[in-house]
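The structure under discussion appears below in the form of structure tokens.
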2 protein chains.
Amino acid sequence: MLNTIAAKDERLVIGLMSGTSADGIDAALVGIQGQGADSSFSLMASDTLRFSPGVRARILQCQGARAGDAGEITLLHAYLGELFAHAALHICKKGGVNPLSVDLIGSHGQTLYHMPTSVPMPGFSVRGTLQVGNPAIIAERTGITVVSDFRSRDMAAGGQGAPLVAYLDYALYRHHARSRIALNIGGIANVTAIPADAKLSQVTAFDTGPGNSLMDAAVSHFTQGAQGLDRNGTMAASGAANPALLARLLEHPFLKKAPPKSAEKGEFGPAFLKAVLQDFPSLQPADVLATLAAFTVQTITTAILEHCLQDIRYEEIIVSGGGAENPVLMAGLRKALPKLAVTTADDYSIPNKAKEAVLMAFLANETARGSAGNVPSATGARRPVVLGSITPGIQAWDHEL
Amino acid sequence: MLNTIAAKDERLVIGLMSGTSADGIDAALVGIQGQGADSSFSLMASDTLRFSPGVRARILQCQGARAGDAGEITLLHAYLGELFAHAALHICKKGGVNPLSVDLIGSHGQTLYHMPTSVPMPGFSVRGTLQVGNPAIIAERTGITVVSDFRSRDMAAGGQGAPLVAYLDYALYRHHARSRIALNIGGIANVTAIPADAKLSQVTAFDTGPGNSLMDAAVSHFTQGAQGLDRNGTMAASGAANPALLARLLEHPFLKKAPPKSAEKGEFGPAFLKAVLQDFPSLQPADVLATLAAFTVQTITTAILEHCLQDIRYEEIIVSGGGAENPVLMAGLRKALPKLAVTTADDYSIPNKAKEAVLMAFLANETARGSAGNVPSATGARRPVVLGSITPGIQAWDHEL
């Protein structure tokens with residue numbers, strides 16, 4: 001079955017992604033020719049299906065070490081399986097494609113807890129991750145073979161399970177003569193540094209610190225949850241950065257670690273923000289937002305200057321994620337890195353909004369071809385590994401019984 | 001990769017099972033020729049690796065609707081992955097086989113919660129199950145391709161996800177001229193009724209009620225947890241059944257349901273026992289055990305008389321599970337069903353102690369062959385489905401990078 005899929009000239013693949021912020025499901029339908037660095041993509045449809053506030057709240061209540069319980073997690077595992085299946089069928093309809101002609105679904109799942117640091121247990125120290133959104137339900141509802149739970153295998157091989165985007169960045173942005181940095185500003189910001197004419201093993205990637213997480217947390221805090229983000233950076237643009245708050249933020253211990261490093265959502269979340277803001281009770285919301293934007297820009301640019309630009313002359317930064325749509329961040333990056341061209345994913349073949357879902361399709365395609373999807377120099381894994389588990393779709397012979 | 005495995009004359013398969021009682025991991029190494037009803041087995045090694053009391057306690061603390069949390073479940077998912085991998089390597093060593101020559105592992109996982117009844121959620125009613133013991137860790141440690149999480153797909157297709165044993169019972173025990181009932185007495189007891197010369201679709205299977213669960217709970221109760229079972233039925237044999245307690249137990253609502261039906265562990269667990277025993281404070285432990293043994297025998301025999309023997313003259317009951325080693329239960333069954341031969345799994349090709357682990361190997365073999373592993377007339381599923389998710393082992397080409 002997989003052999004038939006793997007042997008095709010072009011595979012039609014659906015990618016499904018839901019980030020830790022649990023805003024909704026990003027779905028993309030993409031034709032993929034080839035594999036790995038030689039993949040070529042034709043994006044046929046993409047969309048975001050937002051979770052209702054009630055569903056989002058139930059997901060967030062199960063995120064974190066002491067959150068949720070076995071019953072609620074079992075329920076979400078099944079329910080998100082249904083919602084991911086729904087998103088897959090929706091994107092088929094939007095793309096005008098019969099689900100029977102789709103070869104694969106790559107499904108990230110919803111992370112409930114990510115534990116990249118070893119915990120000692122009798123006989124073994126363990127690290128792990130918990131992704132829900134049952135692939136058996138997705139496969140049964142759509143009939144399409146599903147590849148899921150990509151992070152677990154990289155972690156089993158000693159990696160952090162993140163960032164997974166490095167290989168796709170390499171496939172999309174590598175250049176024989178230009179050294180480029182792909183910068184993704186999601187909740188957390190991470191960079192993939194791709195020297196000119198680099199082999200995959202020469203690519204490095206790491207988290208730089210906060211992306212939108214602190215700004216989002218601040219807006220939610222100041223609006224009592226009525227708003228979730230500073231759209232277009234309007235609020236930040238109307239304020240001024242506060243030097244004392246900025247200095248305090250820059251003391252965060254994550255910023256002193258050497259790469260490869262990955263940040264956990266909680267490190268730059270509402271609890272951290274609340275603790276810091278207690279010492280700045282009279283600051284206006286706009287000034288807080290301006291400071292957080294400056295902090296985000298500074299942690300990104302410092303990381304690039306210290307860890308990327310020492311040896312190699314990078315010429316371009318390609319920004320993706322929600323941060324690419326924030327003019328305050330983009331202007332800050334251009335000002336801090338005047339010698340680099342600052343572009344966005346939209347300047348390349350895969351539009352910004354579809355990139356994470358296309359990543360899941362890309363990784364599923366690698367697995368179907370029996371090819372490794374992780375980049376050890378990015379995740380810290382001991383070796384390249386074939387990622388994910390494969391849940392069979394519905395085959396013709398399956399109906400003969 | 002799977003095609004290579006599927007095309008072999010004989011596949012070397014490891015089965016791994018840990019039941020809801022969380023006593024330990026049953027492992028079996030078995031050569032399987034053919035598939036489905038025409039499978040033939042050569043058992044090369046089997047063993048049980050018991051969990052330490054501390055590990056067992058952590059598992060039990062995460063079982064049930066309101067038990068555990070995301071952090072502890074993530075930890076157990078990874079840790080049990082390590083222990084399952086360890087059990088697989090142990091059984092290779094015991095069987096004198098290099099893991100590199102093993103084709104497949106079938107891993108049941110550890111059930112933390114099973115939710116066969118629909119729960120309404122926005123847009124979808126959902127049912128599901130939560131199995132931990134990360135297959136990515138098993139595959140990475142052993143290098144062997146893993147098939148796992150068999151129950152989810154049957155449930156996605158409308159089934160109860162149980163019993164899974166029906167197809168193996170059919171493969172092992174069907175007879176052209178004799179009608180046989182396979183009776184498994186684990187925590188819960190279930191029967192697979194196989195009429196003479198039956199097609200697979202004519203096999204029925206259902207849970208009859210308690211197996212050892214109530215007796216185990218009583219021993220644990222009376223010994224303050226020092227003992228977990230009434231070995232050889234010694235305590236039950238020294239007491240006498242109490243008619244009033246027996247009548248009270250027989251009021252349990254599960255016994256009035258029509259098959260197909262599956263019992264949840266909690267229905268015949270410590271809480272139920274404790275509630276009933278409150279009304280019988282002066283009963284001696286031995287008499288309670290004798291009554292529970294009589295109750296177990298009566299629920300089994302009544303179910304067989306009412307649901308199996310109405311239309312078909314069954315000639316034999318083949319008993320497996322822990323109950324097959326309890327002389328009180330076996331004598332009770334022989335007395336209540338005098339016209340049937342009462343034998344045990346040990347009288348056939350797969351010994352009783354290895355049967356559940358061999359079942360996991362059998363189901364993995366079906367999936368690798370692209371063949372359905374469930375029996376819809378047993379689980380209630382809409383159709384036969386290929387069970388489980390496939391996590392690739394380590395291939396030669398994987399090392400070429």
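Readers should treat all values here as calculations from the given coordinates under stated rules, not as data from a laboratory. In this text the structure is predicted, and so the values were computed from the model without any measurement. Heads up, the Cβs are rebuilt from the backbone with ideal geometry, glycines too, and the neighbour counts pull from every protein chain shown.
A few notes on this one:
- Here is how far apart the residue A:224 label points are across copies: 5.5 nm, shortest first, using a point 7 Å from Cα toward Cβ.
- Helix-only [θ]222 nm of chain B, DSSP H runs n ≥ 4, -39500 (n - 2.57) each, per residue, nearest 500: -10500 deg cm²/dmol
- Sites residue A:257 and residue B:331 - FRET efficiency at Förster radius 51 Å, r taken between beta-carbons, to 0.05: 0.15
- Only lysines eight or more places from residue B:265 in sequence, or on another chain, were considered; those with a Cα closer than 16 Å are B:274.
- Once the Cβ-Cβ distance of residue A:94 and residue A:246 is raised to the sixth power relative to R0 = 41 Å, the FRET efficiency obtained is 0.40.
- Region B:129-170, Rg to Rh (Cα coordinates; Rh as Kirkwood inverse mean 1/r): 1.07
- Exam field: residue A:258 pseudo-label spacings to other copies (7 Å along Cα-Cβ), nanometres: 7.2
- For the protein assembly as shown, radius of gyration divided by Kirkwood radius, i.e. Rg to Rh on alpha-carbons: 1.02
- Helices assigned as whole DSSP H runs in chain B whose Cα atoms extend at least 27 Å along their own long axis and whose mean Kyte-Doolittle hydropathy is 0.0 or higher are found at B:70-95, B:285-307.
- Each peptide in B:50-62, A:178-190 was scored by the mean count of other Cβ atoms within 10 Å over its residues; highest first, the order is A:178-190, B:50-62.
- Taking label points 7 Å from Cα along the Cα-to-Cβ direction, residue A:199 and residue B:42 give a separation of 4.5 nm.
- Comparing B:275, B:118, B:362 along the charge dipole axis of the protein assembly as shown, the residue lying farthest to the positive side is B:275, per the Cβ-charge model.
- D_trans [Stokes-Einstein, Kirkwood Rh over alpha-carbon pairs] for chain B, 10 °C, 1.306 mPa s, µm² s⁻¹: 73 µm²/s
- Ascending count of other beta-carbon atoms within 10 Å, so fewest first, for A:347, A:149: A:347, A:149
- The Cβ shell under 15 Å around residue B:71 holds other residues with a net charge of -1, Lys and Arg each +1, Asp and Glu each -1.
- Overall, the protein assembly as shown carries a charge dipole of about 280 debye about its Cα centre when +1 sits on the Cβ of Lys and Arg and -1 on the Cβ of Asp and Glu, all other atoms neutral.
- Here the spin labels are modelled as points 7 Å beyond Cα on the Cα-Cβ line, and at residue A:67 and residue A:176 they lie 4.8 nm apart.
- Least to most buried among B:129, B:48 (fewest other Cβ within 10 Å first): B:48, B:129
- Counting, for every residue in B:379-388, the Cβ atoms of other protein chains within 10 Å of its Cβ and taking the mean gives 4.
- Theoretical FRET efficiency, 1/(1+(r/R0)^6), r = Cβ-Cβ of residue B:341 and residue B:221, R0 51 Å, to 0.05: 0.90
- For residue B:335, label point 7 Å along C-beta direction: distances to other copies, nm: 9.1
- Anchor residue B:256: aspartates and glutamates whose Cα lies under 19 Å away (excluding residues fewer than 8 positions away in-chain): B:207, B:264, B:267, B:306
- Over 30 Å apart at the Cα level, from the set A:93/B:199; B:8/B:94; A:261/A:335, are A:93/B:199.
- Estimated inter-spin distance, residue B:282 and residue A:4, nm [label 7 Å along Cα→Cβ]: 7.2 nm
- Other protein chain C-beta atoms within 10 Å of residue C-beta, averaged over B:229-238: 0.
- Taking Cβ atoms as reference points and 11 Å as the exclusive limit, the residues near residue B:391 contribute a net charge of -2, counting Lys and Arg as +1 and Asp and Glu as -1.
- Centroid-to-centroid separation of region B:304-335 and region A:72-125 [C-alpha atoms, Å]: 43 Å
- Ranking of A:170, A:113, A:348, B:173 by neighbouring Cβ atoms within 10 Å, starting from the fewest: A:348, B:173, A:170, A:113.
- The charge dipole of chain B, taken about its Cα centre with unit charges on the Cβ of Lys, Arg, Asp and Glu (plus for the first two, minus for the last two), comes to roughly 520 debye.
- For region A:96-101, 3J(HN,Hα) per residue [Karplus equation, 6.51 cos²θ - 1.76 cosθ + 1.60, θ = phi - 60°, Hz, x = Gly/Pro]: x, 10, 6, x, 5, 9
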